[in-house]
Structure formats: C-alpha cells, structure tokens
Amino acid sequence: MSIQLDNVSKTYYLKGRTVEALKPTSLSVQTGEIYGLIGYSGAGKSTLLRLINLLEQPSSGTVTVGDDNLTEMSAKDLRIRRQKIGMIFQQFNLIESKTVYENIEFVLKASKYDKKDVPARIEELLNLVGLNDKSNISASNLSGGQKQRVGIARALANNPDILLCDEATSALDPDTTKSILNLLKSINKSLGLTIVIITHEMEVIKEIADRVGVMSAGEIVESGETYELFSHP
Ligand code: ADP
Ligand code: ADP
C-alpha cells in the first residue's frame, strides 16, 4: 500500500525551547517498495517514521496511507487502521518473560482475531520467519536474530500492508543483519509488503532499499534510487 506525506512537520516544545524535529516534508512511497531513510542520530528519522502511523501527531500536514487520510481519522478508526501497519524495533520490544507463541498471541488477541484461527495463524507466521521449533521457548532465551524474527512475525500477525522498521538490525552482528535483511526482502516479494526502514548504516540501505532519503537536521536533503545515490563497491 502507498504512503504519502504532504508537508508533514513536527515541532516539540520542551521547557520553553522548541525543537523542529521534522521540517515540512513531502514523501511518497509506492506499494511494494522498500524505502530507506538514512542519517545521523538526531536527524529526525524516527520522528518521520512515527508520523507514518501517527504514533506522533504532526504539527502540520497530512499523512495518507492507501486511500485513507490518517490525519482526519477518529481515534477509534485510527486504532483499527494501525493494525494494518506493522512495526519492528531495534530492541525488539518483546515481552521477555513470555514464550514466542504468547508474544504473537498477544497482538492477535488485541485485534480480536478469530480465536479458533489463532494457533494456525501463529504456526504459519513462525514458519514464515523460520522459528517453527521455538514456539514454546521463552523470549528471554532467544538470540538477537531470533528475537527480531519473532518481532517480524508479531508485526505481520494482522496481515499488514506496511512494515515500519526502526533501526531493526542495529543491535545485531553483520551476519545476523544479513539474514534479517534477506528475510525482509523475501517478505517484501512474497507478500507485496511496502517497507520503510530507518537506519544509520549505509550497508543496510545498500542491501535492501529501492529508494533512499538522506536526512539531516529535520530534512530529507537528498533522495533517489539507491543505486544512483550510492554506487555499489
Ligand atoms: P533520529 O531518529 O534521526 O535519531 P529523532 O527523530 O529521534 O532523530 O530526533 C530528531 C530531533 O527531535 C532530535 O533533536 C531529538 O532530540 C528531538 N526529539 C525527538 N523526540 C522528541 C521528543 N519526544 N521530545 C522532544 N524532542 C524530541
Ligand atoms: P531512537 O533514536 O533510537 O529513536 P531516542 O533515544 O532518540 O531513540 O529516543 C527514544 C525516545 O525518547 C523516543 O520516544 C523519542 O521520541 C524520545 N526523545 C528523543 N529525544 C528526546 C528529547 N530531546 N526529549 C524528550 N524525548 C526525546
């Protein structure tokens, strides 16, 4: 599904100080595309990412996903719409004391997924991410790469149109990073999922992004096809 930001900005007010985290920014991501945002810490990447699913309210502008203008939705409709926007995180954000199965069951319960279909859906998701033998393992006993695979399974549980990736490989070693990026690529292909990924790592962008935006001081200062912007070695 496509994503369209029109003149979206975000200003934080902190103790009488204003921080313009994102200057008015317009951006289109096409259905099925993998779009990367790269930049140093503080550039505004996570603010932009959090504006796509309205985890942050924009100070101005509109966010459109498919045909839906999210900025005009009621809180209730937005909550339902968000179930179709998956997200994965640098620190995985799993419930460490719970099993792999329970971590995924949790979101299916929250979305009122038909109870009788839950076990089969979880099995399908674990097959997709290659963790079918880890269902009953506690999340705390998984490696980083395995945790991120659970994060991906959880993000895909409600069959989203869009996957947002917040520094999803930054806590992983290079080999594990490669395997997670390969998984994301195969999911992008097989499910036609639109992916937006933010990272400070050039290698990640080169490996996975069709197009890239370079962020600095709250702006996309450069953008284009990855192969044009960054020549492969
Ligand atoms: P990045 O993801 O590229 O590291 P961020 O979007 O996290 O950048 O931050 C952009 C700027 O906005 C930084 O100056 C940061 O300190 C500021 N910022 C981010 N979130 C908040 C917040 N909740 N309150 C105040 N300032 C924030
Ligand atoms: P990341 O860059 O990995 O997104 P940060 O450490 O920048 O993580 O931010 C973690 C949380 O703190 C986020 O919710 C962000 O919005 C918030 N945050 C970031 N910078 C500030 C700030 N200057 N003041 C208040 N909150 C902030």
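Defining a contact as two alpha carbons under 8 Å apart and six or more residues distant in sequence, what relative contact order in percent does the range 113-218 show? Normalised by residue count, the contact order of the range 113-218 is 24 percent.
Just check the range 106-195 against the gyration tensor rule for me: Cα atoms, a ≥ b ≥ c as the square roots of the eigenvalues, rounded for a/c under 1.5, and otherwise prolate or oblate depending on whether a/b exceeds b/c. Oblate. Of the trypsin sites (Lys or Arg not before Pro) in the range 48-119, the ones in a loop by DSSP (not H, G, I, E or B) with at most 13 other beta carbons within 10 Å are Lys112. Over the chain, Cα pairs under 8 Å with separation of 6+ residues give a relative contact order of 29 percent.
Projected label points at Ala171 and Met202, each 7 Å from Cα along the beta carbon direction, are separated by 2.7 nanometres.
Once the Cα atoms are used to define both axes, helix 100-110 deviates from the longest principal axis of the chain by about 60 degrees.
Relative contact order (percent) for the range 140-201, with alpha-carbon contacts under 8 angstrom and 6 or more residues of separation? Dividing the mean separation by the residue count of the range 140-201 yields 44 percent.
Run the accessible area of the chain with a 1.4 Å probe and give the carbon-and-sulfur part as a rounded percent.
Details: 5380 of 11440 Å².
Using a 1.4 Å probe with all protein chains present, the chain comes out at 47 percent carbon and sulfur.
Extending 7 Å from Cα along the Cβ direction at Ala75 and again at Ser97 yields two label points whose distance is 2.8 nm. Between the helical axis of 118-129 and the longest alpha-carbon principal axis of the chain there is an angle of about 70 degrees.
In the range 5-77, the convex hull through the Cα atoms has an average projected area of 5.8 nm², a quarter of its surface area. The calculated pair-distance distribution of the chain uses every alpha carbon pair, bins of 10 angstrom beginning at 0, and gives 8, 32, 36, 20, 4, 0 percent. Output the 0 to 90 degree angle, nearest 10, between the alpha-carbon long axis of helix 174-191 and the longest principal axis computed from the alpha carbons of the chain. The answer is roughly 90 degrees. Dipole check for the chain: with +1 at the C-beta of Lys and Arg, -1 at the C-beta of Asp and Glu, and the Cα centre as origin, the magnitude is about 760 Debye.
On a full-extension model of 0.36 nm per residue, what is the gain between Leu191 and Asn132, subtracting their alpha-carbon distance, rounded to one decimal in nm? Mind dumping the intermediate values first?
Numbers: separation 59, 0.36 × 59 = 21.24 nm, distance 1.92 nm.
Roughly 19.3 nm would be gained on extension.
I want the antiparallel fraction of DSSP beta bridges within the chain, as a percent rounded to 5.
Details: 23 of 42 bridges.
Around 55 percent antiparallel, to the nearest 5.
Nearest 500 deg cm²/dmol is fine: what mean residue ellipticity at 222 nm does the chain get from its DSSP H runs of n ≥ 4 alone, each adding -39,500 (n - 2.57), divided by its residue count? The helix-only estimate for the chain comes to -10000 deg cm²/dmol at 222 nm. Cross-link partners for Lys147 among the aspartates and glutamates, with Cα-Cα distance under 19 Å and sequence neighbours closer than 8 places in the same chain left out: Glu96, Glu102, Glu105, Glu123, Glu124, Asp133, Asp166, Glu167, Asp173, Asp175.
Counting only protein heavy atoms and using a 1.4 Å probe, the accessible area of Asp114 comes to about 80 Å².
The values are calculated or read from the model by the stated rules, or taken from the named source; none is laboratory data. Because the structure is predicted, anything quoted here is derived from the model rather than measured. Neighbour counts run over all protein chains shown; Cβ positions are idealised from the backbone, glycine included. What goes into the accessible areas is simple: the full protein's heavy atoms, side chains included, and nothing from ligands, DNA or RNA. Shrake-Rupley method; radii C 1.70, N 1.55, O 1.52, S 1.80 Å.
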